[in-house]
Amino acid sequence: MACTIEQSEKIEPLYVAIGQRVLEERIKAGWTQQDLCGQVRLARSSIANIELGRQRVMLHQIFDLAEVLSIPLEDLLGVSI
């Protein structure tokens, strides 16, 4: 099932927000993108694209990012669970 334009307009801000939180937490930790990519088994370019909201993050990667950045999953997602 293809994603409609309306659905896409709702989804894209989610990835931008997650990326912004990854960026903020990475900087708080004092890490470079290279430091983070080694911890979550992603390429540095993937970290850059996630932080910019250009790359969708797989579910297991969201869990990995939250764990490595030592933040609750709900904080990374920006929701209450």
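General observations
- Put a dot 7 Å past the Cα of Glu24, heading toward its Cβ, do the same for Ser45, and the two dots end up 2.9 nm apart.
- Helices in the chain, meaning DSSP H runs of at least 4 residues, each add -39500 (n - 2.57). Divided by all residues, the mean residue ellipticity at 222 nm is -21000 deg cm²/dmol.
- Shape category assigned to region 28-69 from the gyration tensor of Cα positions, a/c cut at 1.5: oblate
- Accessible area per residue for the chain, computed on protein heavy atoms with a 1.4 Å probe, is 65 Å².
- To put it simply, the accessible area of the chain at a 1.4 Å probe is 56 percent carbon and sulfur.
The values are calculated or read from the model by the stated rules, or taken from the named source; none is laboratory data. Quick caveat, the model's predicted, so the values are computed rather than measured. Cβ: placed from backbone, ideal geometry, glycine included. Neighbour counts: every protein chain shown. Ligands, DNA and RNA are stripped out before the accessible areas are found, and what is left, the full protein with its side chains, is counted by its heavy atoms. Shrake-Rupley method; radii C 1.70, N 1.55, O 1.52, S 1.80 Å.
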